[in-house]
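Chemist: Dropping the structure in here first, questions after.
Nothing in this text is a laboratory measurement; each read-out follows from the coordinates by a stated rule. From a predicted model like this one, the values you see are computed outputs, not experimental measurements. So basically every Cβ, Gly included, is an ideal-geometry build from the backbone, and we count neighbours across all protein chains shown.
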Amino acid sequence: MAAEDLSSDQSTQSEQVDAAKARRSLRNGFITLVLGGALAVGLLLAVPGLKGVATTVSNMKAQWVVVAVVLEILSCASYVLAFLQVFERAPFRVGARIALSEEAFGAAVSLGGVGSLAVGGWLMVERGAPAGRIAQRSAVLFLYTSAINVITLILAGLGLFLGLPGPRNLLLSIVPAAVGVVVLVLFLLLPRYVDRILRRVQPGRLEAFLTETAASVRDTKRLVFHPDWRIVGAIGYLWFDIAVLFACFAAAGHMPPLAPVVLAYQIGYLSNFIPVPGGIGILDGSMIGMLVLYGVGGTVATAATLVYHVISLWVPAILGTVAFILLQKTKKQPVVLRNPPEDLHPRRL
């Protein structure tokens with residue numbers, strides 16, 4: 001009995017330490033966002049070459065900025081729907097708050113997509129969900145949203161190649177599409193090759209890892225290619241965020257063509273793998289560079305990107321922080337997930 005009490009006390013202390021670390025990371029992330037924003041404003045006002053950008057930002061139409069904020073809120077809501085689709089049977093309120101908390105940590109802390117999913121996983125394991133199952137479903141969620149990104153990249157590249165408005169350069173159209181096709185094909189073939197490897201692997205950690213990887217890919221394929229109505233969550237998560245960028249261009253009084261902006265957005269976001277809080281400076285620079293490469297004017301591209309980045313950081317950061325605070329008051333509410341269909345797991349021959 002004493003051993004059980006000791007174990008319970010240690011578990012409680014561990015949870016308190018994890019929660020304290022998470023709150024500290026989120027707080028430090030907000031401080032970084034504030035300092036980064038102040039630095040950006042200072043540069044716009046102090047550097048002569050950027051005064052045109054500052055003027056464009058100050059003259060933006062307020063109604064379009066409001067539209068951009070609403071679109072970002074819709075993007076966050078779409079992520080909640082995608083999260084609840086993957087983590088089936090999770091309580092709606094708790095699941096929504098965990099999803100928004102992931103958004104906050106992804107925006108304010110230098111975690112990247114996988115790292116913010118780890119935060120969500122910790123919050124669910126803290127509520128009694130099995131760690132192995134959470135890890136597998138988190139992988140599915142990452143692959144699911146990534147697959148939508150890759151398909152979007154392919155369609156935008158093909159569209160530009162086939163005649164949509166934009167630069168007539170094969171390197172800017174068919175090459176990104178081809179890269180997307182290669183990634184998608186490798187993804188679809190992965191379970192088949194994993195099954196072959198499993199026939200020659202001895203039981204152990206490697207076997208378990210490969211089995212779960214194949215299961216995650218198969219589950220992702222089901223979500224993408226045999227969808228139900230909830231796929232609008234994964235699609236909306238990406239496309240509402242892209243729409244935020246277009247709304248910022250509209251606020252600046254210039255609306256560039258669809259395909260080049262989508263391609264610039266997709267390629268520019270690859271810089272988010274660099275662990276910088278909020279991607280400040282990194283994402284802005286890469287996206288502005290890609291927009292200019294795709295034919296958008298430098299001044300308007302910079303102004304629209306900076307305002308977009310502010311909105312795409314602060315909206316999820318604020319919503320997610322509120323959700324995270326509310327979660328700390330509901331630690332005893334359990335998270336129960338639907339058991340995976342047996343056909344999602346590779347069979348050993």
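Chemist: Considering the convex hull of the alpha carbon atoms of region 155-261, report its projected area averaged over all viewing directions, in nm², one decimal.
Modeler: For region 155-261, the mean projected area of the Cα convex hull comes to 9.5 nm².
Chemist: So if R0 is 22 Å, what FRET efficiency would Glu88 and Leu326 give, r being the distance between their Cβ atoms, rounded to the nearest 0.05?
Modeler: Details: r = 22 Å, r/R0 = 1.00.
FRET efficiency, Glu88 to Leu326: 0.50.
Chemist: Kindly state, to the nearest 0.05, the FRET efficiency for Asn169 paired with Gln202, given R0 = 56 Å and r defined as their beta-carbon distance.
Modeler: Numbers: r = 51 Å, r/R0 = 0.90.
About 0.65, to the nearest 0.05.
Chemist: Then there's this: Starting at the first residue of region 319-326, write each ³J(HN,Hα) from the Karplus equation 6.51 cos²θ - 1.76 cosθ + 1.60 with θ = phi - 60°, in whole Hz, x for Gly and Pro.
Modeler: 4, x, 5, 4, 4, 5, 4, 5
Chemist: In what order do Leu245, Leu306, Leu50, Leu326 fall by count of nearby beta-carbon atoms within 10 Å, going from fewest to most?
Modeler: Numbers: Leu245 26, Leu306 23, Leu50 18, Leu326 15.
Final ranking by Cβ density, sparse to dense: Leu326, Leu50, Leu306, Leu245.
Chemist: Could you please rank Leu160, Leu74, placing first whichever residue has the fewest other Cβ atoms within 10 Å of its Cβ?
Modeler: Values: Leu160 27, Leu74 17.
Arranged by neighbour count, lowest to highest, Leu160, Leu74 become Leu74, Leu160.
Chemist: Sticking with the crude label model, points 7 Å out along Cα→Cβ, report the distance from Lys61 to Val183 in nm, one decimal please.
Modeler: Here the answer is 3.3 nm between the modelled labels.
Chemist: Please list 3J(HN,Hα) in residue order for region 295-311, calculated via the Karplus relation 6.51 cos²θ - 1.76 cosθ + 1.60 where θ = phi - 60°; whole Hz, with x for glycine and proline.
Modeler: So the Karplus estimates, Gly and Pro as x, are x, 8, x, x, 5, 5, 5, 5, 4, 5, 5, 5, 5, 4, 5, 4, 5 Hz.
Chemist: Under 5 Å between amide H atoms, partner at least 5 residues away or on a different chain: which partners does Glu88 have, H built in plane at 1.01 Å?
Modeler: HN-HN under 5 Å from Glu88: Arg338.
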